[in-house]
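Comments concern the structure below.
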Amino acid sequence: MRRLLCLLSLMTAASIGASFHMPRTEPALSDIARTTIRSKRTPLRMTQPSEDNEMPSTSSFNQKRIIPIAALTTISATTIAAFTGHLPGPLIDATAPPFFANLPFGVLFAGSYEAYPQTLIYRDLGATVFSIVAASLFVKACTYPVTVGKLQPRDSRKIIHTFSAPLFMLVWPLFSNAYGARVFASIIPLMNALRLYLAGTGGTGDNNNDRSTADGSENELAQAISRSGNAEEALGGPFVYVMVLLFFTFFCFTDSPVGVISIATMAAGDGLADLIGRRFGSNNKWPFNKDKSVAGSTAFVLGALVASFGLISWLTGFGVMDPLDLNTIDLFVRLLVISVVCAAVELIPAGDDNYSVPLSAAILSSYLLT
């Protein structure tokens, strides 16, 4: 364990040191001599540097390393916390009231827990690294077609919206049954939130600054998830989406179906509603909301229903979530009710459905399924 902690510390220190160290080469003596002789022959002329030949600034250079440094630092800190006993392991006594059991670290109040075994720490560490790499590849696969003109930004935005969260929940069985595993899993949406923040601010933290200072990958992400090409849109719906995913991952994880249904309804339901509605909803608009269509609402219900039912079956099938005390038909009917009500909430032309829809799904599922 000591060697692992030392390795993580050295990797973190090396990454941070590399981000603030600019390589520099000293000129040779012969070069200095030739320059001196040439300066005596040719008069000096002051020229104004052109904008096209400007060297990248130190802030732009370092901005490219924010994500790797943040990821390595967060993973290292979480791993050290697990090894030093600051994260709880598997739960022993789960007889406490659900109110405490569903709180983050509510196990401290709900019952006893085991120490975090090294084997489970390595498992959760590996699952975290795999999830980060897989998430980056998925986003890149959705954003690159936009840069080459093969996909519209709005379509890329909704594809990411529809599939990113459900795909993330599909890898939850890779994490262990330790109570602290949710902290490892929360690193993935946390890093995505940081990426969106950098994409929306150009890496400067100032919404009024030029977005051209952003790293190429973050600029590509901002262009791919914006409706109009304005990078500030990354701080709107997409950022709310990731924060909702972070909230339910950290607070619920696999403790109950509330988080799973809330995330699935927000992602698959709302995402498919836009994708299908824009293609097949031009002639069937709702009379009270011309921006929504019957085709889109139908896609919302079907997408939310299938995603919720499929993910609950997936997680319970792998044994990472306790089975519900409902038969298949009863579960299907209740999920259908949740999907229909949330589709109606999505029709309300007020607020942001990235938080109104999952909030409605959480309230309904807490009442109907727990």
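The values are calculated or read from the model by the stated rules, or taken from the named source; none is laboratory data. Everything numeric here is computed off the predicted structure, so don't read it as measured data. Reconstructed Cβ throughout: ideal geometry from the backbone, glycine too, with neighbour counts over all protein chains shown. For accessibility, only protein heavy atoms count, side chains too; no ligands or nucleic acids. Shrake-Rupley method; radii C 1.70, N 1.55, O 1.52, S 1.80 Å.
Among the residues in region 231-241, are any β-branched (Val, Ile, Thr), farther than 21 Å from Thr316 by Cα and at pLDDT below 95? Yes - at least one qualifying residue is present in region 231-241. Based on this model, can you work out whether Asp322 counts as open to solvent by 50 Å² or more (accessible area, probe 1.4 Å), modelled with pLDDT under 95 and either small (Gly, Ala, Ser) or touching a Ser or Thr at 6+ places or on another chain (Cβ under 8 Å) (or both)? Judged against the criteria, Asp322 is a match. Taken over region 323-332, the criterion of being part of a helix (DSSP H, G or I) and either of a type in the set (D, E, K, R) or closer than 14 Å to Asp255 by Cα (or both) is satisfied by Asp330 alone. Within region 257-278, identify whether any single residue is modelled with pLDDT under 95 and not in a helix (DSSP H, G or I), and answer yes or no. The answer is no; no qualifying residue exists. Among the residues of region 338-349, the ones that are open to solvent by less than 70 Å² (accessible area, probe 1.4 Å) and either among the aromatic types (Phe, Trp, Tyr) or over 25 Å from the mean Cα position of the chain (by Cα) (or both) come to 3 in all. Across region 289-319, the number of residues qualifying as among the polar types (S, T, N, Q), closer than 14 Å to Ile263 by Cα and either out of contact with any Ser or Thr (no Cβ under 7 Å at 6 or more places or on another chain) or open to solvent by 90 Å² or more (accessible area, probe 1.4 Å) (or both) comes to 0.
Is one or more of the residues making up region 277-288 open to solvent by less than 50 Å² (accessible area, probe 1.4 Å) and closer than 30 Å to Asn177 by Cβ? If you could, list the steps in order and put the result at the bottom.
Applying the first criterion (open to solvent by less than 50 Å² (accessible area, probe 1.4 Å)) to region 277-288 yields 277, 281, 284.
Narrowing the set further to residues that are closer than 30 Å to Asn177 by Cβ leaves none.
No, there is no match, as no residue in region 277-288 is open to solvent by less than 50 Å² (accessible area, probe 1.4 Å) and closer than 30 Å to Asn177 by Cβ.
You will find that of Phe175, Phe250, the residue that is modelled with pLDDT of 90 or more, closer than 30 Å to Ala115 by Cβ, in contact with a helix residue (DSSP H, G or I) (Cβ under 6 Å, 6 or more places away or on another chain) and open to solvent by 40 Å² or more (accessible area, probe 1.4 Å) is Phe250 and no other. For Val320, are the conditions met, namely being of a type in the set (Val, Ile, Thr) and in a helix (DSSP H, G or I)? In short, no. Cβ separations smaller than 9 Å between residues 6+ apart or across chains give the following pairs from region 57-85 residues that are under 17 Å from Ala178 (Cβ atoms) to residues that are modelled with pLDDT under 85 and open to solvent by 50 Å² or more (accessible area, probe 1.4 Å): Ile80/Ser9; Phe83/Met1. How many residues are more than 24 Å from Ala304 (Cβ to Cβ), part of a helix (DSSP H, G or I) and not aliphatic (A, V, I, L, M) when one looks only at region 133-152? Qualifying residue count for the region: 6.
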